[in-house]
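Worksheet: one structure, shown below.
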Amino acid sequence: TECFASTSFLARTPGAKTRCSGGGATTLSMGITLYGSQGSRSPLVNWGAYEMGVSLKMGDLSQNPHPFGQIPCLVDEDEGATVFESGAILNYIHTKAETGDSKERMGAILSWISWANASLDPICFLETPDGKVYDT
């Protein structure tokens with residue numbers, strides 16, 4: 001059985017689990033909307049969701065529910081959850097994907113997400129003088 005994660009980074013990571021049922025792949029296509037743009041940290045969320053097999057639809061920025069109007073912001077209609085800040089969204093997506101990861105692996109993944117947001121963010125996402133992110 002070929003699973004949707006077979007070509008992703010996750011599938012090539014030692015100890016990674018894929019989700020298969022019957023003769024085909026199981027995708028997690030919940031009602032999840034991401035409010036974001038290319039010139040923000042949203043591409044990190046798109047990439048993370050892709051790696052976890054979570055389908056996202058892009059939302060109309062004029063409807064963005066972020067309390068301060070910033071992006072990215074994610075809404076999971078199935079759970080009634082609104083999540084903002086890229087690291088929090090990546091953690092939410094990982095939890096939502098139910099990978100079956102061990103506590104040890106889950107701890108490592110959450111640590112790397114936090115490290116990347118704190119350490120790589122200033123390198124990868126340069127801000128303009130008015131606080132916006134240069135094109136990514």
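The values are calculated or read from the model by the stated rules, or taken from the named source; none is laboratory data. Small disclaimer: the values here were computed from a predicted structure and weren't measured. Neighbour counts run over all protein chains shown; Cβ positions are idealised from the backbone, glycine included. Note: areas computed on protein heavy atoms with side chains; ligands, DNA, RNA excluded. Shrake-Rupley method; radii C 1.70, N 1.55, O 1.52, S 1.80 Å.
Odds and ends about this structure:
- Count of residues meeting criterion [closer than 18 Å to residue 44 by Cβ, modelled with pLDDT of 90 or more and assigned to a loop (DSSP other than H, G, I, E, B)] in region 74-130: 1
- Criterion: surrounded by 12 or more Cβ atoms within 10 Å (Cβ to Cβ) and without any contact (Cβ under 8 Å) to a residue 24 or more places away in the chain - qualifying residue of 74, 110: 110
- Among (1) open to solvent by less than 40 Å² (accessible area, probe 1.4 Å); (2) at pLDDT below 50; (3) touching a strand residue (DSSP E or B) at 6+ places or on another chain (Cβ under 8 Å) - the single one residue 42 does not satisfy: (2)
- For beta carbons closer than 6 Å, sequence separation of 6+ or different chains, a first residue in region 88-106 that is exposed (fewer than 12 other Cβ atoms within 10 Å of the Cβ) and a second that is assigned to a loop (DSSP other than H, G, I, E, B), the qualifying pairs are 100/17.
- Of all positions in region 107-127, at least one carries a residue that is polar (S, T, N, Q) and under 19 Å from residue 38 (Cβ atoms).
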